[in-house]
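The values are calculated or read from the model by the stated rules, or taken from the named source; none is laboratory data. Nothing here was measured: the structure is a model prediction, and the numbers come from that model. Neighbour counts run over all protein chains shown; Cβ positions are idealised from the backbone, glycine included. With ligands, DNA and RNA removed, areas are computed over all heavy atoms of the protein, side chains included. Shrake-Rupley method; radii C 1.70, N 1.55, O 1.52, S 1.80 Å.
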Amino acid sequence: MDFLRKVKWRKYFLIINIALIVIGTLYCAIITNSDVNIQRITIPENFVRNANYFSSDTPNGSISCLLITPKNDPAPNSLRPGILWLHGWTANKYIHLHYAKELARAGMVVLMTDHPGQGDSGGIHDFGLSEIAGARTALDWLFEVANTTYNLRINKSWIGMTGHSLGGITTANTASIDTRVKAAVSIYTWSNMTETVTDTLGDSPYGGIWLPKILQLTNFYRMVPTIDEANARSPITRVNLTPPRPNNWLLITGENDELTDIRTQCEIMAAACGQKDNKSYIDWIEYSVNGSGNPDRVWEFPEGTMENGTARKLYIPAGLEHGTEGLADGPLYMQMRWFGDAFNWDVETYYFNAGKTNQSLNRWIGFIICFLGLIGLILPVISYLSLWKYDTRAPKSELIPNMPKNKKELMLIIYPIIYVIAAAPALLWVQAFNIEAFIPYLFTDMIILIMAMKLVTLAPAVIGTTYYESKKYNLSLANVGLSRKNALRSIFVGTIAALIFIVTLNVCDYFMVYPLLYPAISPTINIWGFILVLFILLGANFIDELIFRGLAVSKMQTQNKWLVYFVSIGYHSLTAGISTLVIFSLYAGGSLLLLILAFGIGMVLGIINGITNTYIYQRTGNILGGVIFSTLILGFFMCGHFIGLGLITF
């Protein structure tokens with residue numbers, strides 16, 4: 001009867017979580033595809049090559065796109081505007097889908113692309129120039145293919161271009177040299193790349209100083225340009241009024257954007273009005289958007305007109321930072337109005353009925369429901385996979401007879417202290433290697449490097465603690481979760497469970513059209529770079545499992561097994577949160593928000609790891625299954641389409 005109850009528990013839990021996955025996926029898919037048609041298309045490599053915008057020494061590949069058109073076309077028999085939407089650095093074409101949907105709802109055709117070397121697009125990312133080439137190739141596609149092959153009825157005199165962050169920079173650069181763009185909206189741009197990058201990276205990229213050897217493992221050296229190369233990426237060298245470059249340009253930058261300041265944005269807008277380096281003109285713009293008490297935070301070029309392409313506007317939305325300026329309703333409304341005015345197109349009716357924020361929030365809700373169902377699904381999967389005839393219970397504390405109870409309790413306090421103290425210098429190690437330059441942005445590189453540096457001190461500390469206990473209290477390998485008898489079984493369970501997780505989430509992401517955490521290797525990732533990621537993750541996860549499962553759980557086994565399970569999850573998550581908080585406190589600059597975010601991320605990762613890995617350990621009596629599970633999941637996520645830039649390569 002006990003066996004039957006266990007089987008029913010697994011079966012019902014499996015059914016419930018499959019239902020959650022289906023509900024979350026369908027909910028997100030319905031919200032995402034409501035009112036618009038979303039089609040995945042690829043601009044083939046031969047088209048890219050024939051466009052001939054890339055330099056001869058830059059490898060080019062196909063460009064991955066989303067084509068978004070209205071389901072209920074407000075003007076079914078008329079030509080309509082075509083808009084090119086570009087994402088920011090470390091992002092992909094899906095990030096601003098809610099913006100593109102509102103443009104499409106108003107009857108426009110929107111083409112969203114992945115920059116070369118990012119997302120699903122091939123080629124090499126070189127921090128600015130390849131993006132211009134990719135954008136001009138996409139414009140060629142809109143002019144040459146969109147109407148003939150897809151019957152999109154685009155008016156070639158109504159071509160707009162917009163983007164956020166690197167997409168905003170690329171918009172300013174491309175629209176300044178390609179007159180086919182008749183209206184442009186940049187949500188953030190830099191004035192002069194040399195100043196911006198120097199502020200972010202320090203002087204070393206421009207001082208002829210040696211490039212740190214560890215960077216040779218990455219493609220980062222491709223993004224450390226000379227001053228001349230930097231100027232080639234700087235919009236302020238291109239924007240002007242006579243002739244208008246770009247045509248009809250709107251610049252939107254959040255008041256609290258941490259990558260620039262209001263003065264810098266006023267300088268580039270002055271240059272676009274033919275007043276470059278005119279201090280009094282720049283002062284006037286700055287006063288208009290920042291010092292006059294103007295609640296709209298808008299300055300508009302008084303002599304500009306849409307008819308002759310000289311319309312200019314600067315919008316500084318209050319309270320928005322770099323990340324939020326590309327997601328908020330204010331910039332979206334201003335963007336839609338700008339294209340509507342430029343192309344004499346009605347956008348007001350559709351904007352106010354759009355339900356913009358709710359749609360974006362609902363997509364998140366659907367994704368979270370699906371993700372929670374997937375985590376829950378893994379538990380019965382692990383249970384089924386581990387149903388072998390061998391004894392699969394985790395080792396009991398009676399197997400450590402020489403360790404007194406008070407000593408076990410003391411060690412449970414000491415372990416997280418060792419972990420936090422040993423992990424704390426990780427960021428200092430990174431800075432000592434002079435690679436702090438790209439920590440704020442290149443997420444995959446940042447996490448991998450911090451993990452690698454953490455191992456330098458954490459691995460000896462944890463292994464040393466394990467060795468001390470084994471000698472003093474006569475521990476065997478089984479006592480610390482490394483039973484030889486169960487090793488292969490544990491690895492099998494962890495591997496299959498991870499692959500089921502990855503494949504299922506990929507399938508769901510496809511239907512949701514929302515791969516925020518798309519766990520599939522990006523085409524820009526070099527295979528040796530992926531192996532390097534897995535190798536470092538393997539070491540980091542082994543140390544984590546050894547301390548959180550092998551050492552800690554074995555000292556909790558006198559309690560109820562489910563109590564042990566939940567205590568282990570809390571133990572892991574709290575330690576991981578404190579450790580992440582300590583590591584990033586050196587970089588947070590006193591920002592309480594960043595510290596809370598770091599602690600929260602560490603807690604969430606600890607909870608997810610604790611839920612799955614503790615259960616694998618309880619079912620197999622070996623920590624290796626959890627090591628493999630975490631390594632595969634994190635490896636695919638970190639080298640995936642969202643944050644995998646292909647920068648970790650040989």
Hey, can you rank 11-20, 606-615, 166-175 by average C-beta count inside 10 Å, highest first?
166-175, 606-615, 11-20
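Figure the gain on full extension for Glu258 and Thr305 (residue separation times 0.36 nm, minus the Cα-Cα span) and round it to one decimal in nm.
Numbers: separation 47, 0.36 × 47 = 16.92 nm, distance 3.17 nm.
Using 0.36 nm per residue and subtracting the Cα-Cα distance, I get 13.8 nm.
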Could you sort 177-190, 403-416 so that the peptide with the highest average Cβ count within 10 Å comes first and the rest follow in order?
177-190, 403-416
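Estimate the FRET efficiency between Ile596 and Asn77 by the formula 1/(1 + (r/R0)^6), using the beta-carbon distance for r and 45 Å for R0, to the nearest 0.05.
Values: r = 54 Å, r/R0 = 1.19.
That pair, Ile596 with Asn77, gives E of 0.25.
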Suppose the chain between Leu563 and Ile16 were pulled fully straight at 0.36 nm per residue; how much longer would it get relative to their current alpha carbon spacing?
194.6 nm
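Is segment 78-144 rounded, prolate or oblate when judged by the Cα gyration tensor, a ≥ b ≥ c being the square roots of its eigenvalues, rounded requiring a/c under 1.5 and prolate requiring a/b larger than b/c? Show your work: numbers first, answer last.
Details: a/c = 2.99, a/b = 1.53, b/c = 1.95.
The shape class here is oblate.
Using the heavy atoms of the protein chains and a 1.4 angstrom probe, tell me the accessible area per residue for segment 281-338 in square angstrom.
Accessible surface, normalised per residue, equals 43 Å².
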Convert each backbone phi in segment 19-24 into a coupling constant with the Karplus relation 6.51 cos²θ - 1.76 cosθ + 1.60 (shift: θ = phi - 60°), then list the ³J(HN,Hα) values in order as whole Hz, x for Gly and Pro.
4, 4, 4, 5, 4, x
As an exercise, use a Förster radius of 22 Å and the Cβ-Cβ distance of Trp364 and Gln39 to find the FRET efficiency, rounded to the nearest 0.05.
0.45
If packing is taken as the average number of other Cβ atoms within 10 Å across a peptide's residues, how do 233-240, 629-636, 298-305 rank, most packed first?
629-636, 233-240, 298-305
